[in-house]
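Novice: Okay, handing you the structure first.
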Number of protein chains: 4
Amino acid sequence: MLKVAILGGSGYAGNELLRLLLSHPDVKVTAVTSERSAGLPVSDVFQNFRNTDLKFESMNVESLVKKADLFFLCLPHKASQEAVAFFYGAGKKVIDFSADYRIKNRKTYEKWYSTPHSFGHLLKKAVYGLPELHRERIKDCSLVANPGCYPTSSILGLAPVIGESFIDSTSVIIDSKSGTSGAGRNPAQQLMFCEVNESIKAYSITMHRHTPEIEQELSFLSGRNIKLIFTPHLVPMDRGILSTIYVRLNKKTGLRNIQKIYRDYYRNEPFVRVLNNGVYPATKHVRGSNFCDISVFLDKRAGNGHTLIIVSAIDNLIKGASGLAVQNMNIMYGFEETAGLTSSPPSP
Amino acid sequence: MLKVAILGGSGYAGNELLRLLLSHPDVKVTAVTSERSAGLPVSDVFQNFRNTDLKFESMNVESLVKKADLFFLCLPHKASQEAVAFFYGAGKKVIDFSADYRIKNRKTYEKWYSTPHSFGHLLKKAVYGLPELHRERIKDCSLVANPGCYPTSSILGLAPVIGESFIDSTSVIIDSKSGTSGAGRNPAQQLMFCEVNESIKAYSITMHRHTPEIEQELSFLSGRNIKLIFTPHLVPMDRGILSTIYVRLNKKTGLRNIQKIYRDYYRNEPFVRVLNNGVYPATKHVRGSNFCDISVFLDKRAGNGHTLIIVSAIDNLIKGASGLAVQNMNIMYGFEETAGLTSSPPSP
Amino acid sequence: MLKVAILGGSGYAGNELLRLLLSHPDVKVTAVTSERSAGLPVSDVFQNFRNTDLKFESMNVESLVKKADLFFLCLPHKASQEAVAFFYGAGKKVIDFSADYRIKNRKTYEKWYSTPHSFGHLLKKAVYGLPELHRERIKDCSLVANPGCYPTSSILGLAPVIGESFIDSTSVIIDSKSGTSGAGRNPAQQLMFCEVNESIKAYSITMHRHTPEIEQELSFLSGRNIKLIFTPHLVPMDRGILSTIYVRLNKKTGLRNIQKIYRDYYRNEPFVRVLNNGVYPATKHVRGSNFCDISVFLDKRAGNGHTLIIVSAIDNLIKGASGLAVQNMNIMYGFEETAGLTSSPPSP
Amino acid sequence: MLKVAILGGSGYAGNELLRLLLSHPDVKVTAVTSERSAGLPVSDVFQNFRNTDLKFESMNVESLVKKADLFFLCLPHKASQEAVAFFYGAGKKVIDFSADYRIKNRKTYEKWYSTPHSFGHLLKKAVYGLPELHRERIKDCSLVANPGCYPTSSILGLAPVIGESFIDSTSVIIDSKSGTSGAGRNPAQQLMFCEVNESIKAYSITMHRHTPEIEQELSFLSGRNIKLIFTPHLVPMDRGILSTIYVRLNKKTGLRNIQKIYRDYYRNEPFVRVLNNGVYPATKHVRGSNFCDISVFLDKRAGNGHTLIIVSAIDNLIKGASGLAVQNMNIMYGFEETAGLTSSPPSP
């Protein structure tokens, strides 16, 4: 059994990660940290876990490093920089949930996150943990930068076509809608039930920090320097991200052809489901699972040529965070890639 | 007191219209029809109305025509064609909630609604009932085609700029998100609580019937033949439409300048609120009111030049249907334009 | 126009009170205070109010006392004690939303609220502001203690029968279910969307502070010293309280007879609707209105004699707080009792 | 691998059962029937199941009987009577989700369900499938009557104490609150999103069909003829039942003693969690799992002696239906009792 530790485990991603790991056949969780809740049983903080004996402990890296072989870091960006460096330096494997090691270009990171990066030399050691793009490199690496939730939804939606010559890669617009768990577990006025319920709104227009992450991976895939428009929205539901993506075509291409490109691209992927022609993804159909559902449509009417419309749906806490981390772990350690992730989405 | 009748009043728009009219200072409701519920007290069908004596009656146009001066028709498209012609022909005033008299071009109507239009000669008598565009014509007309909910949200968002030379009017993308009441009150599997709750999905991509209606009015405003992309989504909430609209600029224009254009355009409008720089509309802030909140943003990063991002929010049953109809009535009869519509949005 | 001021107006009850007063025909709001938001436009804090010029100000009682004739105090309990005494002492009228002047027995107050009452001499000046019980006394008083939301729902449900000889007044069980706005607007972990949504739970079993308030009024009505069981629950919705109330009968009495007692009791009440036999109240049917819907049922099967089951529904922010306060104001000043409260419940 | 078939599998319980069985280590699903959807891939009807090849088939019992050893019957009551008899007569094992074989007294069944029971001789062969009460008999039986959702929640809440001498078993009141999936998947006006959302209501007061089922098991446990009051409510959420149960005590007994009785009673139960003193169950903490959370409280104030207040929470589709059926199957076949049911509740 692989010994794993979760650092900063008292948020929603930590809760979900713990849940997945507790039923994983090849793994034993040896430590979970939380500064706020140090000393408390996990089941006092997360009342869903009433039948576990785990206790939150304070983050003492010197003692933690002896307890596990793989460390899941669910710390805020910036705080994660040094913690990653420590465990990596100690010869341990790390899956980092923060943005600290996702952005390859240090200056880009420093600009969008308004903070210096003190471990720039490690950026090239980190692999962006999206198996559908980087599976081979994940196998051999010791440091996985686990993708953001919006980027996972957006990149998987665009990956099959972004490098195609019929795509105008300067025209990408991503309109994303997210459930509220993506905003985290810290109390905040705007996240209270009575503020979120019965409402939808956009936020962070033109300046959401997931933008450069999406651009980096799409640029990598296409060989072009992609800049795009990304607009997130807050939806009155716990979980789920639906991304509606618009890209103009440089030249006419049939929808069937594009659908075939998607099917071929994801043919062997255990967690990406390309839907039949005309079928719409809904976040409910992936809730509670590691699936990403994708469907593509073609607009031939509007004034400026044909436009591809891609819709993708994920559970932001699973394929968009903790399930993806488990998938990455499975790949790193040679476990069955779907181990611990086999549950179908419950419905309703 | 103006005598008014509501035909086809057992849906959600009818319920809301009745509520607004019952507290309107200048109006008396003399009849409400429903085939399904004929003979039943309104309060048996709509349990919110437990203190009214109104009863639903069957739609006998010969007897109804004598009961009122103004007829609100909340019938399905196609069914409304003849009913409108009847009351109009009898010298009555009509506000029609259906799409039957919204589309000026008969062929366009027949193509999108897959049905012939048997009263094409009346199309030019009808005024598209968006006061912000057609107030003067509404004053003098006898037949108002009350706009659709998505079109109201979309057109108000674009009206101030669509005719500007700095706008690329071939590039319009409207990504709309609607509460569930917009889908009507007839039982359907996909509208059940357990299907809608905790989920978001897109639907009718490239083929929603509100598309030609939006295009007609924007073409009228801009003097260009506009074809655009419109994508509706279903959100787990009762009411509200948020439209996120993307339009590329032909040439650079400052955000402050654009904001000024919006403020000037809506300066005297009682129900359109242009928000301060950086403030986001949310459907909750207009819920239960006739307001339309609009905010504009400018993307200067993405690959193909600057893009204007407009966000608009309405209550789909009020500004998107029944409140708008009351506003049109107020204009037609010279009542205070805000009569019966003065309530602020309740919150939460 | 009556000049009114709202003190402590930045919570949900304050928001709703302001909304109702802004459309009240006989009233002008001259001041709204908030320590947290002093100096900010009301529309920055409550984005629903984007078309008002009011600003929050700090609570300086010396300057406030000159600005209005009637003061609505929406302060926390204990903080309200002295503020009420100040305005009352200055010859002003006061409607107090806190619990400070609701409980006539000072020791009972001090025990349940764990705080001394420093203005005990004013307790007998205060009238418990439930018009259905105390209308005549409200007319002539200067200090109204505005009831709590759960008590309003519970007392109105029981008032018609609690004094009847066929009722076992020792057997009252009130099982109440409340929307989340009742818990207030201050950020708290347990009130975040992701904690409340898709869940129901009980809380404060046997120790909720509204218990002695309900007992006081039912004791007053029945002439007996009533102690009862009150169990509140938190429901994933913004507004509404549904109370399901169980009382055993001392002797058999027909349901029709009991229904007649309810109808007679509330015959002239503008805001209490006794439903037809077999019809169920739902919070949605009173949402956004000052109505209280009541229906009664009779269990003849269970082991210990017949049991009366009463179900009542209110909007906790209107009939349970701000609407009730406006109704009290209307009575105190001789306005039409329904002024500003005529809107039917919107649906859905 | 045990071969199992699901009959009537196109409802919410069928969907959840299929999900659980598809990830069960010892089982293979060989057939799923649905008259409405016969011939369709399961994934067309339940879009969560996009990666299964199963197709719905019509219910031909002659061909079905050869396909499996265990039959899960998710048919409506009455329809299930004959189907159960057929498979049972053919020597197969059956787990029946309907009420047809739950009520031992044929006359009681016929009265509450308004239909004759044509297979009364089989009633004594059926075991009421609540393992916490009847584990030993389930092991050896061929026909399990799977309990209703409300009864599971209610009986587990009362089982440890109902037979105690300090309990007044004539005083039981069960106030239950259920998510909407319990009402089934057939389209109905009152189950549409806009009717259920933002509302709570009671229904079927004094006449819900789960009443005799609860009474039967509590009578069996206590050796008394128990008649009780059961009031169900509809809550705006997908899943979950919270039951708040009131029982008077005949003589004073300490809360600690009662808590000890609960802990002892459920000490070896894998799925019942008795919470610590003062901790409240919430349906969210059991959602997606087979757990039943129970907490007990004691009221010493109210007028008629001490009252025990018990709160229990389950996921109505899992512990209240499909998970319970899987648990019963595990017991019948000697599988690990928790097989296929090990997942912790996801949160949020």
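Novice: Using a 10 Å cut-off around each Cβ of peptide C:39-48, what is the average number of partner chain Cβ atoms that fall inside?
Specialist: 4
Novice: Let me ask another. Provide a whole-number value for the mean count of partner chain Cβ atoms within 10 Å of the Cβ atoms in peptide A:285-297. Don't jump to the answer; show the numbers that get you there.
Specialist: Details: counts 8, 4, 6, 6, 4, 0, 3, 0, 3, 0, 3, 1, 5.
Per residue, the number of nearby Cβ atoms from other chains is 3 on average.
Novice: Kirkwood-based Rg over Rh for region B:74-127 (C-alpha set), two decimals? Before the final figure, lay out each step's value.
Specialist: Working: Rg = 10.2 Å, Rh = 11.1 Å.
The Rg/Rh ratio comes out at 0.92.
Novice: Any idea what the residue B:108 label distances to the other copies are, label 7 Å down the Cα→Cβ vector, nm, shortest first?
Specialist: 4.2, 6.8, 6.9
Novice: Sort A:156-168, A:284-296 by packing, meaning the average of other beta carbons within 10 Å per residue, with the highest value first.
Specialist: Numbers: A:156-168: 20.6, A:284-296: 26.6.
For the peptides A:156-168, A:284-296, the packing ranking is A:284-296, A:156-168.
Novice: Of B:304, B:272, B:291, which is farthest towards the positive pole of region B:267-348's charge dipole, taken about the Cα centre with +1 and -1 on the beta-carbons of Lys, Arg and Asp, Glu respectively?
Specialist: Of the listed residues, the answer is B:304.
Novice: Now, a different point. From the P(r) of the protein assembly as shown, can you give the percent of Cα pairs sitting at distances over 43 Å? It would help to have the intermediate numbers written out before the result.
Specialist: On the way: 457291 of 968136 pairs.
Result: 47 percent of Cα pairs exceed 43 Å.
Novice: By per-residue mean of other Cβ atoms within 10 Å, what is the highest-first order of D:265-277, B:310-322?
Specialist: Details: D:265-277: 16.7, B:310-322: 29.3.
Ranking, from highest mean packing down: B:310-322, D:265-277.
Novice: Right, next: First measure r as the distance between the Cβ atoms of residue D:225 and residue A:40, then evaluate 1/(1 + (r/R0)^6) with R0 = 60 Å and state the FRET efficiency to the nearest 0.05.
Specialist: Working: r = 47 Å, r/R0 = 0.78.
Result of the calculation: an efficiency of 0.80.
Novice: Still on this structure, I have one more. Would you calculate the separation in nanometres between label points at residue B:26 and residue D:61, each defined as 7 Å from the Cα along the Cα-to-beta-carbon direction?
Specialist: Using points 7 Å along Cα→Cβ, the separation is 7.0 nm.
Novice: Taking Cα pairs under 8 Å and at least six residues apart, what relative contact order does region B:204-303 come out at, in percent? Numbers along the way, then the final one.
Specialist: Numbers: 72 pairs, mean separation 22.0, N = 100.
Rounded, it is 22 percent for region B:204-303.
Novice: Write out the trypsin sites (Lys or Arg not before Pro) in region C:1-81 meeting two conditions: DSSP loop, and at most 16 other Cβ atoms within 10 Å of their Cβ.
Specialist: Details: sites: C:3, C:19, C:28, C:36, C:50, C:55, C:66, C:67, C:78; in loops: C:36, C:50, C:66, C:67, C:78.
Passing both the DSSP loop test and the Cβ count: C:36, C:66, C:67, C:78.
Novice: Starting from the Cα of residue B:165, move 7 Å in the Cα-to-Cβ direction to define the label point; list residues of region B:226-265 whose amide nitrogen is under 12 Å from there.
Specialist: Counting only backbone N, you get B:251.
Novice: Can you pull the percent of Cα pairs in region B:89-178 with separation above 17 Å?
Specialist: 59
Novice: Across region C:39-52, in residue order, what do the Karplus-derived ³J(HN,Hα) couplings come to in whole Hz, using 6.51 cos²θ - 1.76 cosθ + 1.60 with θ = phi - 60° and x for Gly and Pro?
Specialist: x, 8, x, 3, 6, 7, 8, 10, 6, 5, 8, 6, 10, 10
Novice: Related question: Which residues among region A:66-81 fall inside the zone where the amide N is under 13 Å from a point 7 Å beyond the Cα of residue A:118, along Cα→Cβ?
Specialist: A:78-81
Novice: While we're looking at this one, here's another question. Counting helices only, and only those DSSP H runs with n ≥ 4, report the 222 nm mean residue ellipticity of chain D as the sum of -39,500 (n - 2.57) divided by its residues, in deg cm²/dmol to the nearest 500.
Specialist: Values: 11 runs with 96 residues, N = 348.
Calculated from helices alone, the mean residue ellipticity at 222 nm is -7500 deg cm²/dmol.
Novice: Using 1/(1 + (r/R0)^6) with R0 = 22 angstrom and r between the beta carbons of residue B:263 and residue B:136, what's the FRET efficiency to the nearest 0.05?
Specialist: Working: r = 22 Å, r/R0 = 0.98.
The formula returns an efficiency of 0.55 here.
Novice: Tell me, what ³J(HN,Hα) does each residue in region D:310-315 have, in order and in whole Hz, if you take phi through Karplus 6.51 cos²θ - 1.76 cosθ + 1.60 with θ = phi - 60° and put x for Gly and Pro?
Specialist: Once rounded to whole Hz, the list reads 10, 10, 10, 9, 9, 8.
Novice: Can you give the mean number of other chain Cβ atoms that lie within 10 Å of the Cβ atoms in peptide B:170-176? Present the calculation step by step, with values, prior to reporting the outcome.
Specialist: Numbers: counts 4, 7, 3, 11, 0, 9, 0.
If you average over the peptide's residues, the count of other-chain Cβ atoms is 5.
Novice: Moving on to the next point. For the protein assembly as shown, give the magnitude of the charge dipole about the Cα centre (Cβ charges: +1 Lys/Arg, -1 Asp/Glu; no others), in debye to the nearest 20.
Specialist: Values: 164 positive and 124 negative charges, 1 e Å.
Here the protein assembly as shown has a charge dipole of around 0 debye.
Novice: Residue-wise, which Karplus ³J(HN,Hα) couplings in Hz belong to region A:333-346, taking 6.51 cos²θ - 1.76 cosθ + 1.60, θ = phi - 60°, and x for glycine or proline?
Specialist: Per-residue couplings from phi come out as 9, x, 6, 3, 4, 8, 4, x, 10, 8, 5, 6, x, x Hz.
Novice: List, in the order given, every pair from A:177/D:319; A:3/D:284; A:201/C:55; C:92/C:139; B:28/B:55; A:177/A:251 whose Cα-Cα distance in the structure shown is over 23 Å.
Specialist: Over 23 Å Cα-Cα: A:177/D:319; A:3/D:284; A:201/C:55; A:177/A:251.
Novice: Please report, for the Cα atoms of chain D, the Rg to one decimal and the Dmax as a whole number; what are they, in angstrom?
Specialist: 19.8, 63
Novice: Sticking with this one: With an 8 Å Cα cut-off and a minimum separation of 6 or more residues, compute the relative contact order for chain C in percent.
Specialist: Working: 753 pairs, mean separation 58.7, N = 348.
Relative contact order here is 17 percent.
Novice: Something else now. Using DSSP to define loop residues, name the GluC sites (Glu not before Pro) in region D:25-64 whose beta-carbon has at most 16 other beta-carbon atoms within 10 Å. Intermediate values should be presented prior to the final figure.
Specialist: Values: sites: D:35, D:57, D:62; in loops: D:35.
Passing both the DSSP loop test and the Cβ count: D:35.
Novice: Of the options A:166, A:335, A:25, report the single residue whose Cα projects farthest towards the positive end of the charge dipole of chain A (beta-carbon charges: Lys, Arg +1; Asp, Glu -1).
Specialist: A:166
Novice: Could I ask something else about it? Set Lys and Arg Cβ to +1 and Asp and Glu Cβ to -1, take the dipole of region D:1-141 about its Cα centre, and tell me which of D:71, D:7, D:127 lies farthest positive.
Specialist: D:127
Novice: D for region B:164-289, whole µm²/s, Stokes-Einstein with Kirkwood Rh over alpha-carbon pairs at 4 °C and 1.567 mPa s: what number?
Specialist: 77
Novice: Using the Kirkwood radius built from alpha carbon pairs, what does the Stokes-Einstein equation give as D for region B:288-348 at 25 °C and 0.890 mPa s, in µm² per second?
Specialist: Values: Rh = 13.7 Å.
Stokes-Einstein gives a translational diffusion coefficient of 180 µm²/s.
Novice: When the convex hull of the C-alpha atoms of region D:1-83 is computed, what volume per residue in Å³ does it have? Walk me through the intermediate numbers first.
Specialist: Working: hull volume 7.3 nm³, N = 83.
Cα convex hull per residue, to the nearest whole number: 88 Å³.
Novice: Turning to a different aspect of this structure: For the peptides B:251-263, D:127-139, what is the packing order when you average, over each peptide's residues, the other Cβ atoms within 10 Å and list the highest mean first? Spell out each step's value before the answer.
Specialist: Numbers: B:251-263: 14.3, D:127-139: 19.0.
My ranking of the peptides, most packed first, is D:127-139, B:251-263.
Novice: Run down the aspartates and glutamates and flag those whose C-alpha is under 17 Å from the C-alpha of residue D:124, throwing out any fewer than 8 positions away in its chain.
Specialist: Cross-link targets: D:82, D:96, D:100, D:110, D:136, D:140, D:213, D:217.
Novice: Give the order of A:192, C:237, A:332 when sorted by the count of other beta carbons within 10 angstrom, beginning with the fewest. Mind showing how you got there, number by number?
Specialist: Values: A:192 24, C:237 29, A:332 20.
Fewest-to-most Cβ neighbours within 10 Å comes out as A:332, A:192, C:237.
Novice: Quick one: the Cα spread of region D:142-232 along its three principal axes, in angstroms, biggest first?
Specialist: Projected onto the principal axes, the Cα atoms of region D:142-232 cover 47, 35, 19 Å.
Every number here is computed from the coordinates shown, using simple stated rules; none is lab data. Since we're looking at a predicted model, the values are computed, not measured. Counting neighbours? That spans all protein chains shown, and the Cβs are built from the backbone with ideal geometry, glycine included.
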